[in-house]
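The values are calculated or read from the model by the stated rules, or taken from the named source; none is laboratory data. This is a predicted model, so every value here is computed, not measured. When we count neighbours, we look across all protein chains shown, and the Cβ atoms used for this are built from the backbone with ideal geometry, even at glycine. To get the accessible areas, we keep the full protein, side chains included, count just its heavy atoms, and leave off ligands, DNA and RNA. Shrake-Rupley method; radii C 1.70, N 1.55, O 1.52, S 1.80 Å.
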Amino acid sequence: MNLSTRQLRAFVTLAEQRNFTRAAALTHLSQPAFSALIRSLEQGLQQRLFERSTRHVELTTEGREFEPSARRLLAEFEGAVASAADYAMRRRGRVAVALLPSLAAGWLPGVLATFRAAYPAIELAVRDVLSEACVDAVRSGQADFAIAAVRADTPELQAEPFCSDRFHLVCPAAHPLASAGSVRPRDVATVPFVHLSRTSSVRQYLDAALHPLQLNTLMEVDQLATVMGMVGAGLGVSIVPSLALFHFRHPQVVTRPLAWPGLTRQLYLVRRRDRGLSIASQGLYDLVMQHRPADDAPARAKAKGRPR
């Protein structure tokens with residue numbers, strides 16, 4: 001038979017109250033409707049669960065055997081409903097996102113602070129890795145979605161444009177390029193240059209835009225913070241994306257926007273095609289899309305184009 005939660009609630013209530021009138025009132029049913037519900041349960045189980053008399057109601061032997069199971073089934077169902085409601089209201093859940101280190105350190109914290117204030121019980125996981133690792137995290141299910149500098153459009157993954165990122169020269173304040181009227185690729189090629197590693201999207205975009213021009217590489221490093229340290233010490237210059245400029249807020253460093261052809265980085269939001277996002281993940285996804293970094297390179301150019 002197919003037991004209903006209405007039947008289970010009616011049974012448990014009557015087992016507690018031992019009175020049809022009180023039990024019917026507690027379940028918001030008329031006494032005839034309540035009696036019919038108990039009767040249908042007994043007929044379905046093919047056994048009497050209650051002994052009835054004009055003065056009292058008692059559980060039968062079969063009723064006493066059934067009671068623990070009925071309470072357990074009802075508790076499990078109510079627990080499942082409560083858990084589903086928690087997920088629906090984002091009182092529970094987990095979100096995992098993968099994105100480039102520059103985004104994870106500069107832009108993401110503010111977005112996560114807003115999300116955390118609204119949904120403090122949701123567990124957050126962040127993977128701050130390079131683009132290929134971001135895509136792999138989505139493919140393997142370790143991340144619900146990712147923000148990467150590669151357009152990963154495959155049968156299993158979809159990528160949509162997220163934002164564009166322009167590039168800036170960063171150099172010591174006393175460097176000749178800090179006050180030059182304009183900065184051309186051949187001007188940068190003549191001075192010591194601090195490169196990011198070849199696996200980074202920044203390096204790949206820079207190499208593609210400057211080909212076949214070769215820069216005067218002083219060293220290659222993996223972290224933007226290291227680039228900042230080297231430039232701040234006067235060892236050389238570098239070129240970094242707008243979203244990484246927070247690393248270079250230093251009185252001894254000047255940042256200058258570059259409008260070189262082809263030197264714009266496109267970032268993409270990557271997710272799986274074959275599965276939807278959880279309610280919690282959809283909430284963060286929506287917030288991320290609402291707070292995409294603005295392409296404010298013209299404003300920064302005006303503010304930071306002159307040496308400080």
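Details
- Using the Cβ of Tyr205 as centre and a radius below 10 Å, the other residues enclosed give a net charge of 0, where K and R count +1 and D and E count -1.
- Between Asp207 and Arg94, the FRET efficiency from the beta-carbon distance, with R0 = 41 Å, is close to 0.60.
- Computed extension length for Phe246-Thr60: 59.5 nm, one decimal, from 0.36 nm per residue of separation with the Cα-Cα distance subtracted.
- Ranked by solvent-accessible area (1.4 Å probe, protein heavy atoms only, all chains present), the residues Glu65, Glu160, Glu16 order from largest to smallest as Glu65, Glu16, Glu160.
- Note, ³J(HN,Hα) from phi for segment 273-284, Karplus 6.51, -1.76, 1.60, rounded to Hz, x at Gly and Pro: 7, 8, 8, x, 7, 5, 4, 5, 5, 5, x, 5
- Net charge of neighbours whose Cβ lies under 15 Å from the Cβ of Ala36, counting Lys and Arg as +1 and Asp and Glu as -1: +3
- For segment 14-128, the relative contact order is 19 percent, taking Cα pairs closer than 8 Å that sit 6 or more residues apart in sequence and dividing their mean separation by the residue count.
- Our note on the geometry: Cα centres of segment 123-167 and segment 1-50, 54 Å apart.
- Exposure of Arg292 as accessible area (Å², to 10), given a probe of 1.4 Å and all protein chains: 110
- Computed from Cα positions, the angle between helix 131-140 and the longest principal axis of the chain comes to roughly 20 degrees.
- Principal-axis analysis of the Cα atoms of the chain puts helix 61-88 at an angle of about 20° to the longest axis.
- Carbon/sulfur fraction of accessible area - segment 2-70, other protein chains in place, 1.4 Å, %: 47
- Across the chain, Cα pairs under 8 Å and at least six residues apart give a relative contact order of 20 percent.
- One decimal place: the segment Arg116-Thr21 gains 29.3 nm when fully extended, by the rule 0.36 nm per residue minus the C-alpha distance.
- Among the trypsin sites (Lys or Arg not before Pro) in segment 237-295, those located in a DSSP loop and surrounded by at most 12 other Cβ atoms within 10 Å of their own Cβ are Arg249, Arg273, Arg275.
- Full extension of the segment from Phe77 to Gln290, taken as 0.36 nm per residue of separation minus the current Cα-Cα distance, would add 73.0 nm.
- Where the chain is the region considered: accessible area per residue in Å², 1.4 Å probe: 51
- Using the Karplus relation 6.51 cos²θ - 1.76 cosθ + 1.60 with θ = phi - 60°, the per-residue 3J(HN,Hα) values for segment 11-20 come to 4, 5, 5, 5, 5, 7, 8, 6, 7, 5 Hz, with x marking Gly and Pro.
- Between the helical axis of 108-118 and the longest alpha-carbon principal axis of the chain there is an angle of about 20 degrees.
- Computed with a 1.4 Å probe on the full set of protein chains, the accessible area for Asp207 sits at about 60 Å².
- Entry for Cα extents along the principal axes in Å (calculated from the structure that is shown) out of (i) 59, 45, 36; (ii) 104, 38, 27; (iii) 60, 47, 39: (ii)
- Inter-probe distance in nm under a simple model that places probes 7 Å from Cα toward Cβ, at Ser182 and Gln223: 3.8
- Share of carbon and sulfur in the accessible heavy-atom surface of segment 177-265 [1.4 Å probe, %]: 53
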